[in-house]
Amino acid sequence: MSETIEEKSTINLVTIGNINDVVAGKHFFSWHPTISANYLNTELNDNNTEQQFITSLKNELIQKGFIYTDNLTQADFYIGYGLGIDSAISDQQILNKTGLLTGLQPLNTADEQEKNKASVFIAVFLPNQVNASWTILAQGYTNTDDSRKDAMNELLQFMFHSLESKI
């Protein structure tokens, strides 16, 4: 098991495992049938943030050469995920659920509504395995005025930067 911690401006990542070892020789992925969590606030949920995230994550893996399938029995690996905002889930709760913590401290701003600490958790599971074979937790500050789609795409590129392309 390996653990890496990286920082990109105000985004901290913690990773356990080597994703390239986990997905070596694998082509098809699907969503994990039970592992998905949404701890977002009303505003983010009203703006379809989870659906935008799913689309961006799917596209990131497809760009790396993997093939999405709805057929769980055809999938070589499954993707589980969790999205959270600090007003809906605490670092302690994230640690309890994922076993990961980035150490990113809350941002003290004059306007607390301006920026929130957001968390994105992704796990790769192999068929017939209860525990994830690779996990990553990203935490950073979000500004509700930012283009969420662009920000999500950039974050996912950062989270999967070490994943070698199959193309």
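Remark: the chain carries a charge dipole of roughly 560 debye about the Cα centre, counting +1 on each Lys and Arg Cβ and -1 on each Asp and Glu Cβ.
Please state the charge dipole magnitude for region 23-104, taken about the Cα centre, from unit charges on C-beta atoms (+1 on K and R, -1 on D and E), reported in debye and rounded to the nearest 20.
Using only the charged Cβ atoms, the result is roughly 340 debye.
When the residues Glu60, Glu164 are ordered by accessible surface, computed with a 1.4 Å probe over the protein chains alone, the sequence from largest down reads Glu164, Glu60. With both labels modelled 7 Å from their Cα along Cα-to-Cβ, the Gln74 to Asn20 distance reads 2.9 nm.
Shape descriptor for the chain: Rg over Rh equals 0.95 (Cα atoms; Rh from the Kirkwood inverse mean 1/r).
The distance between label points at Phe158 and Thr10 comes to 1.1 nm (points 7 Å beyond Cα on the Cα→Cβ vector).
Karplus-derived 3J(HN,Hα) values for region 67-73, using 6.51 cos²θ - 1.76 cosθ + 1.60 with θ = phi - 60°, are 10, 7, 9, 7, 7, 4, 6 Hz; glycine and proline are entered as x. Give me the angle, in degrees from 0 to 90, between the Cα long axis of helix 148-159 and the longest principal axis of the Cα atoms of the chain, rounded to the nearest 10. Computed tilt is about 60 degrees. Helix content alone sets the calculated 222 nm mean residue ellipticity of the chain: runs of n ≥ 4 DSSP H residues at -39500 (n - 2.57) each, divided across all residues, give -7500 deg cm²/dmol.
The values are calculated or read from the model by the stated rules, or taken from the named source; none is laboratory data. Remember, it's a predicted structure, so these values are computed and weren't measured experimentally. Note: ideal-geometry Cβ built from the backbone for every residue, glycine included; neighbour counts use all protein chains shown. In case anyone asks, the SASA skips ligands and DNA or RNA and just uses the protein heavy atoms, side chains included. Shrake-Rupley method; radii C 1.70, N 1.55, O 1.52, S 1.80 Å.
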